[in-house]
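The structure appears below as structure tokens.
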Amino acid sequence: LNGSSAQTITASGGETFDNLTADNAAGITLGSDVTATTGLALTNGIVSTSTNTLSVGGSGSVSRTNGHVNGNLRKTVPTGTPSLTFEIGDATSYAPFSTTFASVTTAGTLTARTTPGDHPNLNTSIIDGSKSVNRYWTLTNAGTVFTSYDGTFTFVPTDLDPSAATGSFLIQKYVNPSWTSANVTG
């Protein structure tokens with residue numbers, strides 16, 4: 001997709017491509033679920049999914065030059081010790097999530113998205129909302145069985161509250177209705 005005006009992919013039952021290249025500075029919108037079985041190239045522009053999902057096939061790969069997915073990006077998590085990067089952001093900022101799994105015994109999928117602003121339930125966490133990153137990531141596991149993982153959450157400087165001290169950050173995971181703390185390094 002390399003038009004000069006905004007483009008939309010719409011199919012009633014979803015759409016499957018062998019390779020999909022997003023090269024449109026005006027943006028691409030998904031009107032249904034879309035799968036790129038072999039390759040997804042994010043060359044230029046933002047692919048907006050809304051409530052739909054852009055999936056990359058199990059043997060597929062993603063290359064990124066300039067652009068990202070604003071919404072749900074799903075990838076297959078194979079067995080072993082895989083590392084995955086989710087090329088996600090919002091309407092204006094690239095804020096990817098990367099993960100490395102210690103031991104995956106059953107393959108599945110992981111869907112990631114990021115949302116600018118504070119988490120809607122932040123006030124029930126131990127995070128100080130006046131000294132935080134004004135962005136959160138939503139990860140949805142489907143069938144992946146693993147021991148542990150390391151995650152890297154990337155944000156832009158404008159996401160930070162003025163009094164935030166990144167060296168003092170902690171990460172909490174919200175699974176309705178509770179927050180749990182994660183180990184933080186780096």
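Some observations on this one:
- In the stretch 1-24, residue modelled with the lowest pLDDT [restricted to those that are crowded, with 19+ Cβ neighbours inside 10 Å and among the aliphatic types (A, V, I, L, M)]: 9
- Residue check: residue 95 meets all listed conditions (1) open to solvent by less than 70 Å² (accessible area, probe 1.4 Å); (2) more than 26 Å from residue 48 (Cβ to Cβ) but one, namely (2).
- Against the list (1) open to solvent by 20 Å² or more (accessible area, probe 1.4 Å); (2) within 24 Å of residue 21 (Cα to Cα), the condition residue 119 fails is (2).
- Members of the stretch 124-138 that are under 19 Å from residue 85 (Cα atoms) and either over 17 Å from the mean Cα position of the chain (by Cα) or exposed (fewer than 15 other Cβ atoms within 10 Å of the Cβ) (or both): 138
- Total residues in the stretch 55-71, condition within 19 Å of residue 28 (Cα to Cα) and either outside any strand (DSSP E or B) or touching a residue at least 60 places away in the same chain (Cβ under 8 Å) (or both): 3
- For the stretch 25-54, filtering for residues that are outside any loop (DSSP other than H, G, I, E, B) and either of a type in the set (A, V, I, L, M, F, W, C) or open to solvent by less than 20 Å² (accessible area, probe 1.4 Å) (or both) leaves 13.
- Members of the stretch 146-164 found to be more than 19 Å from residue 86 (Cα to Cα) and open to solvent by 70 Å² or more (accessible area, probe 1.4 Å), listed by number: 147, 157, 158, 162
- Checked across the stretch 98-114, the condition of being touching a residue at least 24 places away in the same chain (Cβ under 8 Å), among the aromatic types (Phe, Trp, Tyr), open to solvent by 20 Å² or more (accessible area, probe 1.4 Å) and within 27 Å of residue 148 (Cα to Cα) holds for no residue.
- The stretch 82-92, residues that are loosely packed, with under 15 Cβ neighbours inside 10 Å and under 27 Å from residue 163 (Cβ atoms): 91, 92
- Failed item in (1) small (Gly, Ala, Ser); (2) closer than 13 Å to residue 88 by Cα; (3) open to solvent by less than 60 Å² (accessible area, probe 1.4 Å), with residue 63 passing the rest: (3)
- Pairing each residue of the stretch 1-18 that is more than 9 Å from residue 31 (Cα to Cα) with any residue that is among the aliphatic types (A, V, I, L, M) and exposed (fewer than 14 other Cβ atoms within 10 Å of the Cβ), provided the two are 6+ apart or on different chains, yields C-beta distances under 6 Å for 5/26; 6/26.
- Options 185, 166, 76; residue that is of a type outside the set (D, E, K, R) and either under 25 Å from residue 45 (Cα atoms) or modelled with pLDDT of 95 or more (or both): 76
The values are calculated or read from the model by the stated rules, or taken from the named source; none is laboratory data. The model shown is predicted, which means the values in this text are computed figures rather than measured ones. Virtual Cβ from ideal backbone geometry, glycine too; neighbours counted across all protein chains shown. Note: areas computed on protein heavy atoms with side chains; ligands, DNA, RNA excluded. Shrake-Rupley method; radii C 1.70, N 1.55, O 1.52, S 1.80 Å.
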